[in-house]
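What follows is calculated from the coordinates using simple rules that are stated; it is not laboratory data. Source: prediction; values computed, not measured. Cβ coordinates were reconstructed from backbone atoms using ideal geometry, including for glycine residues, and neighbour counts include every protein chain displayed.
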Amino acid sequence: MELKGRKLKAVKIWGAITIFTLCFGAVYEYFSFGVYSNYMIYAFIFLMLMTLYNIAVKDKNEMTDTLFAASAATFTLGFIFKGVVEIYGSSSSLTVIYWGAGTVLALAGIASAVIRFGGSSLQEDKITD
Amino acid sequence: MKEGKSKTVIFGAAYGILLAGFTVYALLDVFVLPKSYMAAEAPQSVSSESAPAVEWKKDGEEKILSSKANEGMDESGRWKHHGRIDKDGIISENSSKKGDRKKKPEISSRAEEGTDTVKKEDTEKYTAESGSAKIEISSYRYMDTDIHVAKVALNDGASIMTAFANDTYGKNIKATVSEIAEEKGAVLAINGDFYGARNAGYVIRNGVLYRNTSSGNEDLVIYKDGSFEIVCEDEISAEELLSKGAYNVFSFGPALIENGEIAVSEGEEVGRAMYSNPRTAIAIMSDGSYLFVVSDGRTDDDEGLSLSSLSSFLKELGAVTAYNLDGGGSSTMVYNGELINDPTTSGRNIKEREVSDIIYIS
């Protein structure tokens with residue numbers, strides 16, 4: 001699979017953010033005196049999924065991309081926030097906002113992709129007819 | 001098409017700002033913004049049996065001790081040290097600075113091999129007596145770690161007391177152990193369970209119920225008669241504990257020793273802590289005296305203890321019931337206004353962390 005133009009740029013950006021977040025989590029854990037949080041360790045996962053999404057999906061849509069990106073950013077920040085709070089030995093009820101917003105955005109992104117895919121199929125059917 | 005793209009860019013930018021703003025607020029909410037709360041139940045009157053023997057009255061800026069508590073105090077209102085006893089048994093003048101303390105003796109060879117030998121440092125000893133308690137502070141070297149132990153024998157009518165930072169129950173209301181101790185006129189103080197860092201876990205202090213939300217933790221209950229009990233929050237409500245006579249309840253844990261036996265397993269840790277750390281613990285002995293224990297850690301000189309090591313140490317001292325309190329950078333012991341241990345968060349500098357609460361003897 002050859003990556004070109006905007007697609008290559010998107011993959012590079014998401015890949016760089018993924019690596020940065022991975023390193024941030026590792027450094028934070030290193031200075032946490034043995035107190036660990038899985039949320040901090042795996043905060044890069046959503047960014048990695050966005051990188052893979054940009055590699056795998058050929059025909060992309062601006063709205064779908066934005067919704068997925070917003071969802072990934074929300075989950076990533078939520079994971080980092082919960083990681084920081086857990087390592088401190090505390091808890092916060094505000095984390096539920098991240099999970100809720102991230103899920104809504106991800107579902108909206110899926111809905112956007114489905115609508116677009118459905119619309120494309122209808123157009124193709126009309127052309128075939 | 002261009003209009004659609006600009007809309008998504010605007011949405012992305014606006015959402016990014018909203019998300020960043022919310023994250024800043026959430027971090028401030030957890031770590032900075034102070035919130036004071038009301039007690040879960042109206043404060044109950046404390047019986048004379050459990051009331052502190054030492055009474056304070058304020059005269060302008062100065063605190064003057066009542067005559068009942070003046071025994072053992074110097075003219076400035078501080079407790080008189082009976083002196084430091086060196087290894088030859090000679091009592092010398094106490095140094096007021098921690099840095100002036102004598103260099104600690106070498107670790108015993110058995111301790112180096114990792115066995116459960118407790119070596120007492122007789123160069124590090126303070127004793128004090130008053131109308132309410134006799135306190136004896138000793139330092140030990142165990143598992144490459146300095147452990148400071150205050151043995152407290154309370155007289156009739158005296159109690160283990162607790163205090164909140166700024167005398168206020170709430171979140172992000174913090175002060176150093178030294179500051180709270182000074183405010184309360186405590187002669188000996190250690191950090192408590194840092195209840196303010198969590199949203200759940202019973203909080204009963206000096207006979208008042210402040211929080212009745214269960215965290216499922218193993219709690220330490222100190223009753224009005226001074227006895228200890230370990231309970232599980234899932235099995236008893238805070239209101240039931242209060243009606244049973246609980247005077248102070250700490251929600252941190254785990255229990256280190258129950259019925260004279262070690263109650264933690266090898267490798268068991270607090271939450272997500274993985275290895276040796278500074279520790280704070282409180283224990284009761286078979287003779288009814290108490291141990292206030294703080295160990296150092298996170299420095300080149302002090303490796304820190306695991307829960308298992310701390311339990312072994314306390315068992316060797318003869319503890320019947322022992323409970324782990326907030327440790328790490330919070331671990332602090334203050335005696336007569338002087339820092340006894342080396343509190344540190346990073347190991348790079350010795351500095352007291354601000355905490356929510358203390359346990360003290362006045």
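When +1 charges are put on Lys and Arg Cβ atoms and -1 charges on Asp and Glu Cβ atoms, the dipole computed for segment A:5-128 relative to its Cα centre reaches about 320 debye. Between segment B:14-29 and segment B:302-351, how far is it from one alpha carbon centroid to the other, in angstrom? Spelled out, the Cα-based centre of one part sits 37 Å from the other. Does segment A:53-105 come out rounded, prolate or oblate by the C-alpha gyration tensor, with a ≥ b ≥ c the root eigenvalues, rounded set by a/c under 1.5 and, if not, prolate when a/b is larger than b/c and oblate if not? Because a/c hits 1.5 or more and a/b exceeds b/c, segment A:53-105 counts as prolate. Taking amide H as placed 1.01 Å from N in the peptide plane, B:G192 has its amide H under 5 Å from the amide H of B:D357, B:I358, B:I359, each at least 5 places away in sequence or on another chain. Residues in segment B:149-157 carry Karplus couplings, in order, of 10, 9, 8, 10, 10, 7, 7, 3, x Hz; the curve used is 6.51 cos²θ - 1.76 cosθ + 1.60 with θ = phi - 60°, and Gly or Pro positions show x.
By other beta-carbon atoms within 10 Å, ranking B:S312, B:S132 with the fewest at the front produces B:S312, B:S132. Given a Förster radius of 30 Å and the C-beta distance between A:K9 and A:A111 as r, what FRET efficiency does 1/(1 + (r/R0)^6) yield to the nearest 0.05? Between A:K9 and A:A111 the formula returns 0.70.
Among the listed pairs B:K35/B:K151; A:K12/A:K60; B:K35/B:K315, those whose Cα-Cα separation exceeds 28 Å are B:K35/B:K151; B:K35/B:K315. Which of rounded, prolate, oblate describes segment B:121-255, given a ≥ b ≥ c as roots of the alpha-carbon gyration tensor eigenvalues and a/c under 1.5 marking rounded, otherwise prolate only if a/b is larger than b/c? Prolate, because a/c is 1.5 or more and a/b exceeds b/c.
A Förster radius of 30 Å, combined with the Cβ-Cβ distance separating B:K5 from B:R348, puts the computed FRET efficiency at roughly 0.05. Kindly identify segment A:5-128 as rounded, prolate or oblate by the Cα gyration tensor criterion: order the square roots of the eigenvalues as a ≥ b ≥ c, call it rounded if a/c is under 1.5, otherwise compare a/b with b/c, prolate if a/b is larger, else oblate. Verdict is oblate for segment A:5-128. In this structure the amide hydrogen of B:Y169, modeled in the peptide plane, comes within under 5 Å of the amide hydrogens of B:Y37, none closer than 5 places in sequence on its chain.
Shown is the FRET efficiency for B:K224 and B:A200, computed with R0 = 22 Å from the Cβ-Cβ distance and rounded to the nearest 0.05: 0.30.
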